[in-house]
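Data first, discussion second: the structure below is written as C-alpha cells.
Please treat every number below as a calculation from the coordinates, not as lab data. Because the structure is a prediction, the values reported are computed rather than measured. Cβ sites come from the backbone with ideal geometry, for glycine too, and all protein chains shown count toward neighbours.
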Amino acid sequence: GAVVSQHPSRVICKSGTSVKIECRSLDFQATTMFWYRQFPKQSLMLMATSNEGSKATYEQGVEKDKFLINHASLTLSTLTVTSAHPEDSSFYICSARVVVMWGQANYGYTFGSGTRLTVV
Amino acid sequence: KQEVTQIPAALSVPEGENLVLNCSFTDSAIYNLQWFRQDPGKGLTSLLLIQSSQREQTSGRLNASLDKSSGRSTLYIAASQPGDSATYLCAVLDRGSTLGRLYFGRGTQLTVWP
C-alpha cells in the first residue's frame, strides 16, 4: 500500500534555530501533501496544503514565514519551522492523498509517523 | 463548515467486549469517511474507508457503517483485545472543499484492559 516516510521522528532544538521535517512517498507519487499539527489529547489541526511545484495554501492563522513548506518533487515535501520557539513544540504529521477510485475525485489518505518537536 | 464529532471521548472496557464508537458530521455532502487508529506518539493508521455510496465496510473484527443522510458513522469492534487500545479518529472528505481536505473529529480514546 501507499507509504509515507516521515523524518525525523523526534527532534530537540534550541530556541531561535530552524528545523526541517521531511515526508517522502515511498511507492507512489504524492501530488498533494497535507501538514498537520497535533496538541496533546487534541485532534489534528491542518496547517497547510501543498501541491507539487506550486506554493502551499495555508490555513487561517498559520504563519507562512514561520512554517515554510516546500513540495519540489512528487515524492518529497518538507516543513521547515524557522526561528523556533518553545510554543512551537508540538507533534507534526504529514499526509498524502491517494487516489482510491479512478475517474472520480475520491481519495484516501495515508499518514507519516509524525515528528515530535521540542524547542528548549 | 463541516464539523465532526466523536462520542464518547474516552472508553475503558474489559477484554472481550464488543464496542461501538460513534462519529457524526454536519454536512452530508461528502465523498467518503475514513476511520483511523493512532497509538501514543505515532502517526495515523487507516482502518477503513467508506465511500459515500456505500453503507458499510468490514476488516477482520472491525465493521464501519455510514448513514450519510443522517450524518452518522459507527465503528464496531468485536471481541476487543488489549492491543486495540489506542485513539480512534474519524475523518470526512468534504465535497465542498476544493483542496480535498479532511475534517477530523477529536477522537475516542479506547482502553481495553485484560
**Asked** Which residue fluctuates the most in chain A, going by a Gaussian network model with Cα springs under 10 Å, if the choices are A:Ser43, A:Ser15, A:Ser90?
**Response** A:Ser43
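So which trypsin sites (Lys or Arg not before Pro) in segment B:1-71 pass both tests, a DSSP loop state and at most 12 other Cβ atoms within 10 Å of the Cβ? Can you show the working numbers first?
On the way: sites: B:Lys1, B:Arg37, B:Lys42, B:Arg55, B:Arg61, B:Lys68; in loops: B:Lys1, B:Lys42, B:Arg55, B:Arg61, B:Lys68.
Answer in residue order: B:Lys1, B:Arg55.
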**Request:** Report the label-to-label distance for B:Gln54 and A:Ser5 in nanometres (one decimal), using points 7 Å from each Cα along the Cα→Cβ vector.
**Result:** 2.9 nm
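State which entries of B:Lys1/B:Lys42; A:Lys20/B:Lys1; A:Lys55/B:Lys42; A:Lys20/A:Lys64; A:Lys64/B:Lys42 exceed 24 angstrom in Cα-Cα distance in the structure shown.
B:Lys1/B:Lys42; A:Lys20/B:Lys1; A:Lys55/B:Lys42; A:Lys64/B:Lys42
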**Prompt:** When you take every Cα atom in chain B, what is the radius of gyration, and what is Dmax, the widest Cα pair distance, in Å?
**Reply:** 13.6, 46
**Asked** Stretched out fully, how many nm does the piece from A:Thr80 to A:Glu59 gain, at 0.36 nm a residue minus the Cα gap?
**Response** 5.9 nm
**Asked** A:Lys14: which aspartates and glutamates have alpha carbons under 17 Å from its alpha carbon, excluding same-chain residues fewer than 8 sequence positions away?
**Response** A:Glu87, A:Asp88
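Tell me, in nm to one decimal, what length is gained between B:Asp67 and B:Ile7 on full extension, where the rule is 0.36 nm per residue of separation less the Cα-Cα distance? Could you put the intermediate results ahead of the total?
Details: separation 60, 0.36 × 60 = 21.60 nm, distance 1.60 nm.
Working it through step by step, the gained length comes to 20.0 nm.
Let's test the formula: R0 of 35 Å, r as the Cβ-Cβ distance of B:Asn22 and A:Thr31. What FRET efficiency results, to the nearest 0.05? Don't skip to the end; give the middle numbers.
Values: r = 34 Å, r/R0 = 0.96.
Given R0 = 35 Å and the Cβ-Cβ separation, E is 0.55.
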**Asked** Once you average over the residues of A:33-39, how many Cβ atoms of partner chains fall within 10 Å of each Cβ?
**Response** 2
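Defining a contact as two alpha carbons under 8 Å apart and six or more residues distant in sequence, what relative contact order in percent does chain A show? Kindly include the intermediate steps, with their values, before the conclusion.
On the way: 302 pairs, mean separation 42.5, N = 120.
Once divided by the residue count of chain A, the mean separation gives 35 percent.
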**Prompt:** Can you run phi through the Karplus equation (6.51, -1.76, 1.60; θ = phi - 60°) for segment A:109-120 and list ³J(HN,Hα) in whole Hz, with x for Gly and Pro?
**Reply:** 9, 10, 10, x, 8, x, 10, 8, 9, 10, 10, 10
